[in-house]
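All remarks here apply to the structure that follows.
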Amino acid sequence: MTSTIIPVDPFDFVIFGGTGDLAERKLLPALYHRQMDGQFSEPSRIIAVSRAALDDAAYRDFARKAVIRHVAVKERDEAQIERFVNRLTYIALDAHTDNGWNELTAALKHKHGIRAFYLAVGPSLFGEIAGRIQRYGLVTPQTRIIVEKPIGRDLASARALNDAIGDVFDETQIFRIDHYLGKETVQNLMALRFANALYEPLWNSAHVDHVQITVAESVGLEDRAGYYDKAGAMRDMVQNHLIQLLCLMAMEAPSMMDAHAVRDEKLKVLRALRPITGEDASRLTVRGQYRAGASAGGAVPGYLDELGNAGSTTETFVALKAEISNWRWAGVPFYLRTGKRLAARVSEIVIQFKPIPHSIFEPAAGPCIANQLVIRLQPDEGVKQWIMIKDPGPGGMRLRHVPLDMSFAEAFGVRSPDAYERLIMDVVRGNQTLFMRRDEVEAAWQWIDPILEAWETRPTEIQRYTAGTWGPSAAIGLIERDGRTWHESV
Ligand code: BG6
């Protein structure tokens, strides 16, 4: 099966942090894929900037290596790679001074088409870069700015960052990336809910017992100790990715698939999240930090050793029980968990339906297990609807719990594009549906801040867990206290 590619208008895509990790691992490979699939119109250009003293040839070499390293062999094509690197220009530029800005201005001069500035740099530079973009007269009506998380480390700092960017750009020009929103299955969640009549009538507290959202990773700190130890799992994953998944899962049907309509509905969910403050934080949240254990068959050090700082109380795991105070969801717990160095890399949303009200079957038929819908984001993207059937064959009535299994890779046989591919093309198209609006980011912090404040008053409450497991036993207690259990993801 092939997918339809609709080319985008020609664009200039400027990457600040052009030699950084994000550019190398995600942005350049994503742009290469979109070119390869024929989505670019000419002349489209990519201008990389950073402080490194490189010239075009050296940067093209960097980009060539990035594509070779991060694009699957069967997607690589010599001629396409050369075509791709030839659209790259490099400018050495300093965000803190005026060095290089005249060169960037000259490179963009006389071009009045779509212009996107991707800030693949730390948030401390956002304000300064936006300010210079303005001073050098680089903002046109067709200009967009893209920023990555972390957008702040609490509500106050998020507001300050949003103000700094908002002083230069209109909200319609600001694209705040949460790459989870670009994942295929995350968008499929919207298709599943709103392109089918089947689920929506059941999607509420009358029929849903609870919801679980798991984003488990097997990796540890990787090379991001400096950033991660200041962030922790709550700021790195929950404030953005998990909360966004919760919003898409829980929101009302927007009137149309439009940036305002979708984001208005997500915002209502965020505002309905019941606050977790003070003592409640100890009851409704669990934070953990991994100690030495085994991952992917090998021994791995604990977080503190990996970090080289025995005193860190940064959490590498969070589990929490959230509630949404509205008519649809009152009384339905949403259990969220995420962590590093867990037993497997798996992200999924589990919707646990309520049991049938009355069984007509003899006890010998076996128990009627409640229906469950499992939306698997990664790996093995797909949807499994667990139902009860009669065990096939002769003999009496025996019941069996089986999945109606829809594995996307098997069903469609197409490469699942990386989230950045879709999101970058949406920026060029000017479609903000899959990006976070200012009020959403701030509402998410508003809910997270009191939990972080409560944690700060009790730093010793952090629970250790062995690397390669599913997290601290307290996380199991969190759900089992309610008579429920975590879905066994693998
Ligand atoms: C990033 C986090 O936003 O998401 C990382 O900063 C995390 O810590 C990553 O590893 C997970 O993304 P994915 O797409 O691999 O699930």
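The values are calculated or read from the model by the stated rules, or taken from the named source; none is laboratory data. Here the structure is a predicted model, which is why all the values come from computation and not from measurement. Ideal geometry is used to build each Cβ from the backbone, glycine not excepted, and the neighbour counts take in all protein chains shown. Side chains are part of the model used for accessible areas, which takes the heavy atoms of the whole protein and leaves out ligands, DNA and RNA. Shrake-Rupley method; radii C 1.70, N 1.55, O 1.52, S 1.80 Å.
Pairs linking a residue in the range 275-293 that is farther than 26 Å from Glu222 by Cα to a residue that is of a type outside the set (A, V, I, L, M, F, W, C) and modelled with pLDDT of 95 or more, with Cβ atoms under 7 Å and 6 or more positions apart or on different chains, are Pro275/Pro450; Ile276/Thr285; Ile276/Pro450; Thr277/Pro450; Leu284/Lys321. When the range 147-178 is filtered for residues that are in contact with a Phe, Trp or Tyr (Cβ under 9 Å, 6 or more places away or on another chain), part of a helix (DSSP H, G or I) and crowded, with 19+ Cβ neighbours inside 10 Å, the ones remaining, listed by number, are Ala158, Leu161, Ile165. Of the residues Leu198, Leu192, Leu202, the single one that is over 19 Å from Val147 (Cα atoms) and exposed (fewer than 14 other Cβ atoms within 10 Å of the Cβ) is Leu198. The residue list Leu320, Leu307 contains one member that is within 15 Å of Arg464 (Cβ to Cβ) and open to solvent by less than 60 Å² (accessible area, probe 1.4 Å), which is Leu307. In the range 250-367, counting only helices (runs of 4 or more DSSP H) that sit wholly within it, the ones holding 2 or more residues that are over 21 Å from the mean Cα position of the chain (by Cα) span 279-284, 303-307. Residue count for the range 15-31 satisfying the condition of being under 15 Å from Thr89 (Cα atoms), of a type in the set (Gly, Ala, Ser) and part of a helix (DSSP H, G or I): 1.
If you take the residues in the range 207-228 that are within 12 Å of the ligand (Cβ to nearest atom) and closer than 28 Å to Arg438 by Cβ, which one is nearest to the chain's Cα centre (by Cα)? This residue is Val215. Of the set (1) surrounded by fewer than 19 Cβ atoms within 10 Å (Cβ to Cβ); (2) in contact (Cβ under 8 Å) with a residue 24 or more places away in the chain, all apply to Arg437 but (1). Per the listing Ile360, Ile375, the residue uniquely open to solvent by 60 Å² or more (accessible area, probe 1.4 Å) and β-branched (Val, Ile, Thr) is Ile360. Tell me, please, whether a residue that is at pLDDT below 95, touching a helix residue (DSSP H, G or I) at 6+ places or on another chain (Cβ under 8 Å) and surrounded by fewer than 17 Cβ atoms within 10 Å (Cβ to Cβ) can be found in the range 34-42. The answer is no, given that none of the residues of the range 34-42 is at pLDDT below 95, touching a helix residue (DSSP H, G or I) at 6+ places or on another chain (Cβ under 8 Å) and surrounded by fewer than 17 Cβ atoms within 10 Å (Cβ to Cβ). Does Thr143 qualify as being open to solvent by less than 20 Å² (accessible area, probe 1.4 Å), among the hydroxyl-bearing types (Ser, Thr, Tyr) and more than 17 Å from Ala116 (Cβ to Cβ)? In short, no.
When each of Ala95, Ala116, Ala107, Ala63 is tested for being assigned to a loop (DSSP other than H, G, I, E, B), among the hydrophobic types (A, V, I, L, M, F, W, C) and open to solvent by less than 40 Å² (accessible area, probe 1.4 Å), the lone residue that passes is Ala95. Considering Ala343, Ala319, Ala310, the condition of being more than 16 Å from the ligand (Cβ to nearest atom) and touching a residue at least 24 places away in the same chain (Cβ under 8 Å) is satisfied by Ala319 alone.
The helices (runs of 4 or more DSSP H) found entirely in the range 403-490 that carry 3 or more residues being modelled with pLDDT of 95 or more are 419-429, 438-457, 473-480. Considering the conditions (1) within 16 Å of the ligand (Cβ to nearest atom); (2) hydroxyl-bearing (Ser, Thr, Tyr); (3) over 30 Å from Gly471 (Cβ atoms), Tyr420 is excluded by exactly one of them, (3). Residue pairs whose Cβ atoms lie under 8 Å apart, sitting 6 or more positions apart in sequence or on different chains, and linking a residue in the range 52-64 that is of a type in the set (Phe, Trp, Tyr) to a partner that is in a loop (DSSP other than H, G, I, E, B), are Tyr59/Gly18; Tyr59/Thr19; Phe62/Thr19; Phe62/Leu54.
Restricting attention to the range 123-141, the residues that are without any contact (Cβ under 8 Å) to a residue 12 or more places away in the chain and assigned to a loop (DSSP other than H, G, I, E, B) add up to 1. Checked against (1) part of a helix (DSSP H, G or I); (2) within 23 Å of Val441 (Cα to Cα); (3) more than 20 Å from the chain's Cα centre (by Cα), Arg144 passes all but a single condition, namely (1). In the range 129-138, the qualifying residues are those that are more than 30 Å from His241 (Cβ to Cβ) and open to solvent by 10 Å² or more (accessible area, probe 1.4 Å), and the one that is farthest from the ligand (Cβ to nearest atom) is Gly137.
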